Every structure is written in structure tokens, then in C-alpha cells.
Amino acid sequence: MFKANDLKLNIKQILAISEKELKLHLRYGFKFALRYIKPLVSIFIPYIILAKIFSLSEAFYFDYYTEYNFLLFLLIAYCINYMFGILDLYKETFRREKIWQTLKGLIIAPFNRFNLIVGLLITELIIIIPTVAIFIMICYILFPIPLISLLHFCSIFLAIIIIFMGIGVLIGVIDIVNEDISNLLSYSAKFISWLSCVTYPLKLFPRILQFFIRLNPFYYIFDLLKLSWWAGIDPIDAYKYISWQHYFVLFTMAIGIPIIALCSFERIYNRYGITGY
């Protein structure tokens, strides 16, 4: 009976946080709309550049990027860029609650602080999933793949969401203690993500820069996401570029980063508390 009541309490707390955050998102309409516009802008210029390059000659190709499929990868890039909002999700929420001086009430008993993390993630998923689903549907209409390939793609996409959530929690809990460090981490994560060939093929970058991109773990998870769809269309070509490193990096980050983030959340808050405002 105690466990059932405890579960009900946790669910109520999670739903209360989700409802509150969703209303706040909808309240600031312009900022909410920017989340849809920024990813579109991020793929607009690459579309123009790649379309121009491929229009010069049908013989042009960059690894698995061709005149036929580069639009597919840009549509997937929109979904990736749209997910970048998760990186700042917890930082912005924790900082707002610090300014309102309500953060301490959210993460101390009887409120379970981990319910706060889950509640915020659910809110973000409610915002993300409809838009991502629309773009996946567009990809499926333009570039149809078997159901098993679609499930493979979605499972990788879910793993990336978990990775972003973990990084977002880590940045957010550091923001509770030191906002300057959290800002530095946030910009660093976005810069590293930018150097991950989200929109452009690897071979389009200078050779020296390709070396550093290959050291970037984000490159492998985004590359795998794009190739997982392409594998449903041309598996022979796709699996020439998929290696064990892709899956190793994905599983390591999807398991390791959330564990590190949640442990850090507990330890950092217990040791340093809330600073600022």
C-alpha cells in the first residue's frame, strides 16, 4: 500500500511539473515559435549550397551524400537541431526558478527532485515529438523505408534524446552552483555539436578539420542516425560507412552520460546548495 501511494505521489508531482512548464512555454509565444524557426534556418543555407554543388554535375558525391539523398539528410538534420533545445532545458528552468526564489522548494523534500527532472523531460517531449513526427513522416513519404528500418531509426533517435537529456541535466545542475561555468559548458556543447556534420557531409570540410571531427563523439551518433535511414533504402552503400564505433559511442553515451548527470545532480546540490540571487 505504501509503494502504491508513493508511486501515485511521484506521478502527481511529475504531471504537475509538466503542466506548469507547458503553460509557461505557451505563455511566451515568440520564444516558443523561435524553436521551430531556428532549425529551419540552420538547414536552409546548407540546402542552397548542396543543391548548387550537385547541380554542377551528377558525378559529384561526398561519401553517402548524393544529389538524390541530400534532402533526406537535411530533414533529419532539422530534427537534430530541434533537439538541441534539450541542452538548455534544465539550465533555463533552474535559473528561472532561482530568480523567482522557488528552486529550493522544488528540489527539497517532500518534493522528489528527480521528479522535477522527469517532469521537465516529459514537457520537452510533448513539445518535440509532434514536430519531429511531422518531419519523419515527410522523410517517409519522400524516402520510404521498411518498418524495421524505421524502428531502428526511432530507437537511435530516442537514445540521442536520452544523451541530450543527460548533458542538459549536467549543465543545469552546474548552473545552480556557478552560472558562468554552465554557460561555458552550454556553448561548448553546442560548438562540439556543430562540428558533428549535422548538415554538411564530412568530405566537404578541410582535411585537417576532418581529423578533429572524427574525434568528436557527436559525429558518430548523428552519422549513425542518418545512415540508419539510408540503410533502409540502400543497405549495401549505408553499411560501408557504419562501423562498430558508431554503436559503441551511441550506447556508451546513452548509458554513461545520464548516470553521470543524475549522480552529479545529487552530489553537487548536496555539497554546494544554491548560489546566486
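Can you give the FRET efficiency to the nearest 0.05 for Ile134 and Leu9, using r as the Cβ-Cβ distance and R₀ = 35 Å?
Step by step, r from the Cβ atoms, then E = 0.50.
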Per residue of the range 12-23, what does 6.51 cos²θ - 1.76 cosθ + 1.60 with θ = phi - 60° give for ³J(HN,Hα)? Whole Hz please, x for Gly and Pro, Karplus curve as stated. 4, 5, 5, 5, 5, 5, 4, 5, 4, 5, 5, 5
Would you work out the charge dipole size for the range 2-272 about its Cα centre, treating the Cβ of every Lys and Arg as +1 and the Cβ of every Asp and Glu as -1, and quote it to the nearest 20 debye? 740 debye
Applying the Karplus parametrisation 6.51 cos²θ - 1.76 cosθ + 1.60 with θ = phi - 60° to the phi angles of the range 80-85, what ³J(HN,Hα) value in whole Hz is obtained for each residue in order, glycine and proline being reported as x? 5, 5, 5, 6, 4, x
Based on the mean of other Cβ atoms within 10 Å per residue, sort peptides 81-89, 142-150, 252-260 so the most packed one is first. 81-89, 252-260, 142-150
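Would you mind checking the pairs Lys52/Lys190; Lys12/Lys91; Lys52/Lys203; Lys52/Lys240; Lys20/Lys91; Lys91/Lys190 and listing those with alpha carbons more than 19 angstrom apart? Write out the running numbers ahead of the final one.
On the way: Lys52/Lys190 27 Å; Lys12/Lys91 23 Å; Lys52/Lys203 16 Å; Lys52/Lys240 26 Å; Lys20/Lys91 17 Å; Lys91/Lys190 14 Å.
Cα-Cα > 19 Å for Lys52/Lys190; Lys12/Lys91; Lys52/Lys240; rest within.
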HN-Hα J in Hz across the range 160-173 - Karplus 6.51, -1.76, 1.60, θ = phi - 60°, x for Gly and Pro: 5, 4, 4, 4, 4, 4, x, 5, x, 5, 4, 5, x, 6
Size of charge dipole - the range 177-277 - debye, nearest 20, with Cβ of Lys, Arg +1 and Asp, Glu -1, no other charges: 220 debye
For an R0 of 25 angstrom, estimate the FRET efficiency from the Cβ-Cβ distance between Tyr68 and Ile162 and round to the nearest 0.05. 0.20
Between the modelled labels at Arg27 and Lys52 (7 Å from Cα along Cα→Cβ) the distance in nm is 4.5 nm
Efficiency of FRET between Leu147 and Ile268 - r from beta-carbon atoms, R0 41 angstrom, step 0.05: 0.45
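No lab work stands behind these numbers, since they all come straight from the coordinates. Since this is a predicted model, take the numbers as computed values, not measurements. We place every Cβ from the backbone using ideal geometry, glycine too, and count neighbours over all the protein chains shown.
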